[in-house]
Structures are given as structure tokens and as C-alpha cells.
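This report refers to the structure that appears directly beneath it.
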Amino acid sequence: MFRGTFTALVTPFRDGGIDTSAFEKLIEAQIGAGITGIVAVGTTGESPTLSHEEREELIRLAIATANKRCQVLAGTGSNVTQHAVADTKMAEKLGVDGALLVAPYYNKPSQEGLFRHFKTIADSTSLPLVLYNIPGRCGVDISSDTVARLGEECRNVVSIKEASGSIERISELRTRLPEPFTILSGDDSLTLPFMSVGAVGVVSVASNLFPLEVCALVKAFESGDAKLARKLHHQMFSLFKGLFIEPNPVPIKTALGWRGVMSGEVRLPLCEMTEANQTRLRKTLEEFERNK
């Protein structure tokens, strides 16, 4: 159900509030580039710093702007199961195509606790659900056993965004999960390696800035042109890494700010990049533009 290139949208801010005009323009640029889908209010959208009202506003705006021209996923995960249920129900009512559910962070639940958390959410909605495994941020890993169990017992758990960094994990999941269950890379730099062993796309940060190029990489591999996919991967590799020299989404928002499409503003506890890292990022972007 979910495959291809999905952009993990940033949330544009201006003077502390949401810049709705910049958000709409960002979505239009994604659709114009042929993106498969967009993800509103995920990690890249600084969801932990958004109020419930802001999350609802952004999801509503994403759906209206996309106007069925691409798929719309909403980040509705939380480390409070009841909050995740409430936000998922809200997103379903607004009309999203699916929900992205990050693993509960900080609590460090057991695998049984993780299973019950996701199953409770799945039982509360008819939306297709995408698990989001990112142990580096959450402090907990959704094990392959738990993913397989959820895929078997919850009909609407249909996909996973895998950001563990492990190619072996992708191989194991693909071996154990039924074919309709899709795996998406959660790291731009690992999109091609992950697709080579069974992933079918990416939830991308870089595509906020370069949607055409990220789409081209995914489509090249899907069409069987491994040589072109490798070429595009190598062209973008330094860019992919450069966009994570400071915590996401600070570098990508900084770059979007330089392009003039929005302010580079982030909310505390995130803050602006150091001057040294801004210089590094500018150099990386200039080299990419020269060589692409």
C-alpha cells in the first residue's frame, strides 16, 4: 500500500507561529516533483513541540493542499498510548490515507508493552498504519518478532519505516513478513542499500529540498536500472550525510531558509546551526549542485 518516495515534511515557523503559506508552497513543490506521498507532523515536522491544535491544523492543511494528488500520512505516535489513539482518530476523521506511529520514547517499554501499545491503536482505527522504528531517538527497538506479531494480528498494520540503520534487519523483516507488508527506509543514505534487500521506498528528509532527485533514485531502482540508482545514490550521498551534521530538522530547515522558501526557524530545545556547520553545509550543497 505504501511504497515510493514520501517526504517527511518540515513545519515552517515564522515568529513562533506556523507559516501556513510556506507549508502549502512546500507541499505544492513536492507534488510538482512527482512525490508519492507526504508525512505531516512527524519527527522532521518537530511534532514534539507542536500543540494538539497545531497538529490538527497542519494535518488538515496537508490534506486540503494535496487534494488527493498524493498520499497523506500523519504522524500520530506518542509515548502516551491514549494520546496516540486520540491523534490517530483525529487524523482519520480529517481524511488522511494512513498514520505513522513512532515507537514510544522515554518510557522504554518491553516488547510486550510495545505490542500492546500498537495493537491498542490499531484496534481504535480502520486507518492503515505504518510503524516507525528509530531506536536512536526513542531508546527502544521494535524487534522483528514484535513487528511480525503485529503484522499477523493487526490487519491494518501494513508497513514499517525502518531507521535502525541495519540492512540485516531489512533482510530479516522481508523474510518474515507477508509480501503486502511494505518496508520503507527511514534514512536517505540507506535507501538504495535497503531497497536492494526488500525495502520499497523511503520516508525522506532530503526530498524537502530535492524531491526530483530522491524520486529519481527510487524510481530508477524500481524500474530495474540498478546502475542509474547507484549513480544517483553516490551523487547524493554527501548531501544525505550533510543534512544530519546537526539534529534533524535543523540542517534541512537551514537549507530551505537559504533557498528563500521559508524561515529556517526551529523551536526550542532545537536551535540554529553553529557557524562552522553552516559553512560545511553550504559547501556540501554547492558541491552537489555543481556535480548533479
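The values are calculated or read from the model by the stated rules, or taken from the named source; none is laboratory data. The structure displayed is predicted, hence computed values, not measured ones. FYI the Cβ positions are ideal-geometry reconstructions off the backbone, even for glycines, and counts take in every protein chain you see. Heavy atoms of the whole protein, side chains included, go into the accessibility calculation; ligands, DNA and RNA do not. Shrake-Rupley method; radii C 1.70, N 1.55, O 1.52, S 1.80 Å.
Things to note:
- Per residue, the chain exposes 43 Å² of solvent-accessible protein surface, assessed with a 1.4 angstrom probe and all protein chains in place.
- Where both bridge residues fall in the stretch 101-248, DSSP classifies roughly 0% of the beta bridges as antiparallel.
- Using a Förster distance of 22 Å, the FRET efficiency for His83-Ser144 (Cβ separation, nearest 0.05): 0.25
- Nonpolar atom fraction for the stretch 1-115, defined as the carbon and sulfur part of the 1.4 Å probe accessible area, stands at 49 percent.
- Net length gained if the chain between Phe237 and Asn107 were fully extended (0.36 nm per residue, minus Cα distance): 43.4 nm
- Computed over all pairs of different Cα atoms, the Kirkwood value for the hydrodynamic radius of the stretch 222-292 is 13.3 Å.
- The coefficient of translational diffusion for the stretch 61-184, derived via Stokes-Einstein from the alpha carbon Kirkwood radius under 37 °C and 0.692 mPa s, stands at 225 µm²/s.
- The stretch 160-292 has equivalent-ellipsoid semi-axes of 28, 17, 12 Å, by the square roots of 5 times the alpha carbon gyration tensor eigenvalues, sorted largest first.
- All lysines inside 23 Å of Lys108 as judged from Cα atoms, apart from same-chain residues fewer than 8 positions distant: Lys119, Lys161
- Between the stretch 36-54 and the stretch 72-125, the alpha-carbon center distance in angstrom: 14 Å
- Protein accessible area in the stretch 229-292, 1.4 Å probe - carbon and sulfur %: 52 percent
- Potential extension, Ala276-Arg155 segment - 0.36 nm per residue separation minus Cα distance: 38.7 nm
- Rounded to 5, percent antiparallel among DSSP beta bridges of the chain: 5 percent
- Over the chain, DSSP H runs of length four or greater, each weighted -39,500 (n - 2.57), average out per residue to a 222 nm ellipticity of -15000 deg cm²/dmol.
- Gain upon complete extension [Thr49, Ile167; 0.36 nm per residue less C-alpha separation]: 39.3 nm
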